[in-house]
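Enquirer: One structure coming up, written as structure tokens, with questions to follow.
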Amino acid sequence: MQKKIAIIGGGLTGINTAKLLAEQELAELVIIDLPEKTRQLQGHALDIMQAAALNNKQAHITVSANYKTITGATIVIITAGVARSKKMSREDVLKTNASLLKTIAPELLSYAPEATLIVLTNPVDIMTYAIYKYTGWPKERLLGQAGILDTARFKHKIASILKCSPAAVQGLVIGCHNDLMLPLVSHTTVQGKPLTELLTPEELKQVVLATKQGGKHLIDLLETSSAYYAPAAALTLMAEIVIKNLPHTIPASVYLTGEYGLSDLCLGVPVQLGAAGIKKIIELNLTTAEQQALSLSAAKVHKLLTTLP
């Protein structure tokens, strides 16, 4: 029986995620959105399936406003919600998006209770926790997509300065998906050499700042939308790891129960994924300054959690 991936929300990120997933023939796809949007989304779906046929790929995409269509999904990707505009922070959309997820939560419980959930909706650490709060979803099968995207931006900036391939850069970003995220400079290497030996202190500051402001910079350039190509690629990679049971470790926003000294929140940390979701949360040895920065990041998340409807 072919596996099924459901995408809740057919906006720019949702559609691009469907395209990337279709190209990989990972699973049968379902896109859920409002009734008034389904006709246009059916056009997008047909276009994607015809594009896949050019490369002799067999893609099957169903578009629906009926959540019953997600029945049996292995993975449910949640992209629904208000996207940030140029003058908005991720936190500005919190209550609107939380209220939306509150209406989606019963549908998930009814039709895809065994699925691994991947949340993109911003602010993602808060929205991942919101799903946990509204559903009681098993924490092993609940992921927020943030750290993997921030890490891609981190690696891209380093590679652009050093004029090397991003594949040569080994590093990651943890913490919350906002200005308090933590690019782990001390854990980053390029072709095995510590990043701190390759960049000047000023260049390191540039890398950290560019990573933290990566989303805002793209909104400033795009003007009418936030990023969607890289977020879609990150969602696709996460889905691929779960579907194929690949032995990969990536940063993701997950529910913590004492790891890193933090509890009762979702925050970006390195996790080992597999077919059943999270196999293990990896606890890195952080410097005192890094642990303090992570705790500050967590404090910001805890504060925002109190505003959930």
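Enquirer: Give me the aspartates and glutamates in straight-line cross-link reach of residue 280: C-alpha distance below 12 Å, same-chain residues under 8 apart excluded.
Expert: Once the sequence-local aspartates and glutamates are set aside, what remains near residue 280 is 140, 259.
Enquirer: Counting only residues 5 or more places away or on other chains, whose amide H sits under 5 Å from the amide H of residue 174 once H atoms are built in the peptide plane?
Expert: Under 5 Å from the amide H of residue 174: 182, 184.
Enquirer: Here's another thing I want to ask about it. Could you tell me whether segment 180-277 comes out rounded, prolate or oblate from its Cα gyration tensor? Rule is a ≥ b ≥ c as square roots of the eigenvalues, rounded for a/c under 1.5, then prolate if a/b exceeds b/c, otherwise oblate.
Expert: The shape class here is oblate.
Enquirer: Around residue 119, which amide H atoms from residues at least 5 apart in sequence, or from another chain, sit under 5 Å from its own amide H, with H modelled in the peptide plane?
Expert: Answer set, sorted by chain and number: 78, 143, 144, 145.
Enquirer: Compute, for the chain, the length of the dipole vector about the Cα centre, with Cβ point charges of +1 (Lys, Arg) and -1 (Asp, Glu) only. Units Debye, rounded to 20.
Expert: 180 debye
Enquirer: Among 43, 147, 171, which one shows the biggest mean-square fluctuation in a GNM of the chain, springs joining Cα atoms closer than 10 Å?
Expert: Residue with maximal mean-square fluctuation among 43, 147, 171: 43.
Enquirer: Rounded to the nearest 5, what is the percent of antiparallel bridges among the DSSP beta bridges in the chain?
Expert: Percent antiparallel among DSSP bridges in the chain is about 50.
Enquirer: Give the lysines reachable from residue 193 as a straight Cα distance under 19 Å; neighbours fewer than 8 places away on the same chain don't count.
Expert: 155, 157, 163, 205
Enquirer: Using a Cα-Cα cut-off of under 17 Å, which lysines could be cross-linked to residue 303, ignoring same-chain neighbours fewer than 8 residues away?
Expert: Output for residue 303: 95, 133.
Enquirer: With a 1.4 Å probe and every protein chain left in place, work out the accessible area per residue of segment 93-137 in Å², rounded to a whole number.
Expert: Solvent-accessible surface per residue comes out at 34 Å².
Enquirer: How much accessible area per residue does segment 209-309 have, counting only protein heavy atoms and a probe of 1.4 Å, in square angstrom?
Expert: That works out to 46 Å² per residue.
Enquirer: So what is the relative contact order for segment 55-210, in percent, with contacts set as C-alpha pairs under 8 Å and at least six apart?
Expert: It rounds to 17 percent for segment 55-210.
Enquirer: Also: Under the Karplus relation 6.51 cos²θ - 1.76 cosθ + 1.60, θ = phi - 60°, what is the ordered set of whole-Hz ³J(HN,Hα) values for segment 135-146, x standing for Gly and Pro?
Expert: 10, x, 4, x, 5, 5, 10, 9, 10, x, 8, 8
Enquirer: Taking the chain as a Gaussian network, Cα atoms linked when under 10 Å apart, which of 138, 183, 231 shows the biggest mean-square fluctuation?
Expert: Looking only at 138, 183, 231, the largest GNM fluctuation is found for 138.
Enquirer: Given Cβ point charges of +1 (Lys, Arg) and -1 (Asp, Glu) and nothing else, what value in debye, to the nearest 20, does the dipole of segment 1-150 about its Cα centre take?
Expert: So the dipole magnitude of segment 1-150 works out to roughly 280 debye.
Enquirer: For the chain, which whole percent of the accessible surface, found with a 1.4 angstrom probe, sits on carbon and sulfur atoms?
Expert: 53 percent
Enquirer: Which residue fluctuates most in the GNM of the chain (Cα springs below 10 Å): 144, 192, 175?
Expert: 192
Enquirer: Give the residue from 281, 248, 97 lying farthest towards the positive end of the charge dipole for the chain; charges sit on Cβ (+1 for Lys and Arg, -1 for Asp and Glu) and the dipole is referred to the Cα centre.
Expert: Farthest along the dipole direction, towards plus: 97.
Enquirer: Rounded to the nearest 500, what is the 222 nm mean residue ellipticity of the chain from helices alone, with -39500 (n - 2.57) per DSSP H run of 4+ residues and division by all residues?
Expert: -14000 deg cm²/dmol
Enquirer: Collect residues whose amide H, placed 1.01 Å from N in the peptide plane, falls under 5 Å from the amide H of residue 225; neighbours closer than 5 in sequence don't count.
Expert: Close amide H contacts, sequence-distant or interchain: none at all.
Enquirer: Beyond a 29 Å Cα-Cα separation, which of these cross-linked pairs lie in this structure: 37/57; 4/37; 102/139; 68/300?
Expert: Exceeds cut-off: 68/300.
Enquirer: Another question, then. About its Cα centre, how strong a charge dipole does segment 1-90 have in debye, to the nearest 20, once Lys and Arg get +1 and Asp and Glu get -1 at the Cβ?
Expert: The dipole magnitude comes to about 420 debye.
Enquirer: Take every Cα pair under 8 Å in segment 206-300 that's 6+ residues apart, average their separations, divide by the length, and report that relative contact order as a whole percent.
Expert: Relative contact order, segment 206-300: 19 percent.
Enquirer: Taking the Cα atoms of segment 21-172, report the difference between the largest and smallest coordinate on each principal axis, in whole Å and largest first.
Expert: The Cα atoms of segment 21-172 stretch 50, 42, 34 Å along their principal axes.
The values are calculated or read from the model by the stated rules, or taken from the named source; none is laboratory data. Because the structure is predicted, anything quoted here is derived from the model rather than measured. All Cβ positions, even for glycine, are placed from backbone atoms using ideal geometry, and neighbour counts span all protein chains on display. Each accessible area value is taken on the protein alone, full model and side chains, heavy atoms only, with ligands, DNA and RNA left out. Shrake-Rupley method; radii C 1.70, N 1.55, O 1.52, S 1.80 Å.
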